[in-house]
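So the structure is just underneath, and the comments pick up after that.
The values are calculated or read from the model by the stated rules, or taken from the named source; none is laboratory data. Keep in mind the model is a prediction, meaning the values are calculated, not measured. No Cβ is skipped: glycine too gets one built from the backbone with ideal geometry, and neighbour counts run over all protein chains shown.
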Amino acid sequence: MLKKTRFLSGVSLFLVLIMALTILGSVPSPGTANPKKTDFHTGRVPKYVFMFIGDGLSYAQVSSAEMYLGNKAALGAVIPQRLNFTQFPVHGAAMTHDSTSFVPDSASTATSMSSGYKTLSGVINMDVTKTIEYTPITEDLKALGYKIGIVTSVPIDHATPAAYYAKVAHRGMTTEIARQLAQSGFDYFGGGGFQAATGPALAEAGGYTVVNTTEDILALHKNSGKVVAISPDLDGKALNYELDRDKEGGELSLADFVRKGIEVLDNPNGFFMMVESGKIDWAGHANDAAANIADTIAFADAIEEALNVYRKHPKDTLIIVTGDHECGGMTIGYAGTGYATFFEKIEKVTMSYVEFSKIVNNYKKTVTAETASLTELFPQIEQAYGLTPENLSAYEMGLLEDALERTMVPASERPYTVQERLLYAGYEPLTVKLSHIVNNKAGLHFSSYSHTGQPVPVYAIGAGAELFDGFYDNTDIYFKTAEITKLSRIKKAVGM
Ligand SMILES: [Zn+2]
């Protein structure tokens with residue numbers, strides 16, 4: 001009798017598995033028109049899984065960085081210098097719309113990738129009624145024995161990282177997000193600080209060691225326990241733009257936080273690490289092509305750290321690289337330059353819009369609307385953007401004169417008209433106009449200060465990478481990762 005029961009349970013488990021496989025094989029996941037044989041992973045289950053998300057990164061962001069580097073290496077040769085991740089053997093693409101809009105935000109798109117569901121913009125791992133919670137892949141992988149790392153260049157309680165450990169009705173609930181971080185039990189959080197003032201205290205109360213000096217961060221190792229490593233050098237609560245990072249001074253980069261994470265998470269059962277480069281997006285919002293390109297290159301540097309793991313453990317590593325949505329409507333090509341690009345103009349930019357805004361704001365304190373003059377600012381403009389009165393057209397000078405005039409109007413007296421929104425979008429007027437002029441001189445342009453509905457590329461290398469071939473929905477990134485790590489079958493088998 002006992003034998004029979006065991007036999008039956010064995011048979012029923014087998015049937016459940018067959019059913020699960022049949023369901024997985026016959027019903028396309030949302031947005032997948034033609035499920036392929038490769039939707040199954042029959043190879044090795046990777047021990048080291050890296051999920052890299054370039055926030056606001058799509059084809060124009062990737063390609064402009066490659067063209068910039070190629071042009072820098074051989075001026076005028078028209079040979080893009082390929083970034084490491086575009087050389088991965090598998091390349092797919094994903095649609096990014098959410099339940100609200102074809103133009104989504106980071107909360108909903110990260111939810112799609114982390115838990116496999118579409119939801120409203122602004123919502124993290126909850127359904128459109130904001131009552132049902134979704135389980136991010138990290139929770140299930142943690143239960144399987146993987147250690148979990150979350151790294152970002154923006155605040156650790158920002159939407160994209162939060163989607164890998166929290167469930168909240170709105171991304172603005174940062175204290176609740178920080179509370180859930182503290183209770184996640186995940187192993188390594190690194191990069192930016194907390195927006196929530198109580199974040200560090202909550203993390204410490206949750207048993208985390210919070211470190212925020214370069215020395216303490218570099219001293220972390222695999223026996224350090226659960227840690228939150230916050231860069232001591234921050235722009236607000238985010239890492240500085242790569243353009244502004246004090247490289248000689250040893251200021252930590254996104255790559256440094258990934259390398260340290262690999263050390264901290266090292267264990268026989270493997271790990272899953274989500275790494276977000278969040279300021280590619282912020283540079284897109286600000287239409288700062290130079291900062292955008294520099295952060296995309298720094299993103300590739302962070303991916304290089306994962307590639308070092310892949311080279312050591314090629315059969316046990318999976319690296320996925322994608323964007324969550326495009327930002328800025330960036331185009332390679334501009335009406336004013338036609339078919340020509342001049343990426344060397346971008347090389348002249350020595351700081352991000354954040355740093356130049358500080359210069360303008362300091363200058364404002366020394367002058368009045370009547371005495372403010374572009375002439376006085378040109379030494380700084382040349383130093384920051386490589387622009388001089390001699391290499392600007394009368395039209396461009398006019399744009400800068402108008403922008404300076406706008407700069408000198410106190411923000412409180414600057415009505416947010418349609419014109420204001422189109423010209424400056426709430427950014428420091430002179431600074432954003434300088435970015436526009438340099439972009440356009442380089443043959444680049446932005447059509448928005450917000451996200452756009454363009455699809456994003458997906459690159460993959462390692463165990464199970466072939467599943468990421470094709471064109472699919474961003475929720476499929478979750479399903480493919482779950483399949484490769486065997487989560488999907490385990491979930492079906494135990495009736496989850
Ligand atoms: Zn954004």
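For the range 450-491, which residues satisfy the criterion of being buried (at least 24 other Cβ atoms within 10 Å of the Cβ) and within 16 Å of the ligand (Cβ to nearest atom)? The answer is HIS451, VAL456, ASN474. Of all residues in the range 76-100, those satisfying the criterion of being surrounded by fewer than 17 Cβ atoms within 10 Å (Cβ to Cβ) and assigned to a loop (DSSP other than H, G, I, E, B) are GLY76, ALA77, VAL78, ILE79, GLN81, ARG82, PRO89, SER99, THR100. Evaluating THR375 against the criteria (1) in contact (Cβ under 8 Å) with a residue 60 or more places away in the chain; (2) assigned to a helix (DSSP H, G or I); (3) of a type in the set (Ser, Thr, Tyr) leaves one unmet condition, (1). Just for the range 439-449: of the residues that are out of contact with any Phe, Trp or Tyr (no Cβ under 9 Å at 6 or more places or on another chain) and part of a loop (DSSP other than H, G, I, E, B), which one is farthest from the ligand (Cβ to nearest atom)? Out of the qualifying residues, it is SER447. Just one residue in the set ALA77, ALA94 is away from the ligand (no atom under 16 Å from the Cβ) and over 16 Å from the mean Cα position of the chain (by Cα); that residue is ALA77. Residues in the range 171-188: is at least one closer than 23 Å to VAL458 by Cα and either among the basic types (Lys, Arg) or without any contact (Cβ under 8 Å) to a residue 60 or more places away in the chain (or both)? Taking every residue of the range 171-188 in turn, none turns out to be closer than 23 Å to VAL458 by Cα and either among the basic types (Lys, Arg) or without any contact (Cβ under 8 Å) to a residue 60 or more places away in the chain (or both).
Scanning the range 145-200 for residues that are of a type in the set (Val, Ile, Thr) and out of contact with any Gly (no Cβ under 9 Å at 6 or more places or on another chain) yields VAL168, THR198.
For the range 451-494, enumerate the residues that are assigned to a loop (DSSP other than H, G, I, E, B) and either without any contact (Cβ under 8 Å) to a residue 24 or more places away in the chain or in contact with a His (Cβ under 7 Å, 6 or more places away or on another chain) (or both).
Hits for the range 451-494 are GLY453, GLY464, VAL494.
In the range 122-132 there is at least one residue that is within 25 Å of ALA460 (Cα to Cα), at pLDDT 95 or above, of a type outside the set (Ser, Thr, Tyr) and away from the ligand (no atom under 16 Å from the Cβ). Counting only residues that are in contact with a Phe, Trp or Tyr (Cβ under 7 Å, 6 or more places away or on another chain) and assigned to a loop (DSSP other than H, G, I, E, B), how many does the range 339-372 have? Total satisfying the criteria: 4. Looking at this structure, is THR337 under 31 Å from the mean Cα position of the chain (by Cα), more than 18 Å from PRO429 (Cβ to Cβ) and among the hydroxyl-bearing types (Ser, Thr, Tyr)? In short, yes. Which condition breaks for SER29 when tested against (1) surrounded by 17 or more Cβ atoms within 10 Å (Cβ to Cβ); (2) modelled with pLDDT of 95 or more; (3) not aromatic (Phe, Trp, Tyr)? Every listed condition holds for SER29 apart from (2). Could you tell me whether VAL103 is part of a loop (DSSP other than H, G, I, E, B), within 16 Å of the ligand (Cβ to nearest atom) and modelled with pLDDT of 95 or more? The answer is yes for VAL103. Here GLY261 fulfils each of the conditions (1) more than 28 Å from SER450 (Cα to Cα); (2) surrounded by fewer than 17 Cβ atoms within 10 Å (Cβ to Cβ); (3) of a type in the set (Gly, Ala, Ser) apart from (2). The numbered conditions (1) among the polar types (S, T, N, Q); (2) within 16 Å of the ligand (Cβ to nearest atom); (3) surrounded by 24 or more Cβ atoms within 10 Å (Cβ to Cβ) are all true for THR119 except (2). Among the residues of the range 379-428, write down those that are surrounded by 13 or more Cβ atoms within 10 Å (Cβ to Cβ) and of a type in the set (Asp, Glu). GLU382, GLU396, GLU401, ASP402, GLU405, GLU420, GLU428, listed by residue number.
Looking at the range 122-147 only, could you name the residues that are surrounded by fewer than 19 Cβ atoms within 10 Å (Cβ to Cβ) and on the phi < 0 side of the Ramachandran plot? ASP127, VAL128, THR129, THR131, ILE132, GLU133, THR135, ALA143, LEU144, listed by residue number. Across the range 352-362, the qualifying residues are those that are of a type outside the set (Val, Ile, Thr) and surrounded by 20 or more Cβ atoms within 10 Å (Cβ to Cβ), and the one among them that is farthest from the ligand (Cβ to nearest atom) is PHE356.
A quick yes/no check of all residues on (1) within 16 Å of the ligand (Cβ to nearest atom); (2) among the basic types (Lys, Arg); (3) surrounded by 19 or more Cβ atoms within 10 Å (Cβ to Cβ):
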site	(1), (2), (3)
VAL309	no, no, yes
LYS315	no, yes, no
ILE319	no, no, yes
GLY323	yes, no, yes
GLU326	yes, no, yes
GLY329	yes, no, yes
ILE332	no, no, no
THR337	no, no, no
THR341	no, no, yes
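Of the residues making up the range 40-51, not a single one is surrounded by fewer than 16 Cβ atoms within 10 Å (Cβ to Cβ), in a loop (DSSP other than H, G, I, E, B), at pLDDT below 95 and at positive phi. In the range 42-61, the residues that are assigned by TED's automatic domain parsing to the domain that holds LEU141 form Cβ pairs under 6 Å with partners that are within 16 Å of the ligand (Cβ to nearest atom) and assigned to a loop (DSSP other than H, G, I, E, B), at six or more places apart or across chains, as follows: ILE53/ASP324; ASP55/GLY278; ASP55/ASP324; SER58/GLN454.
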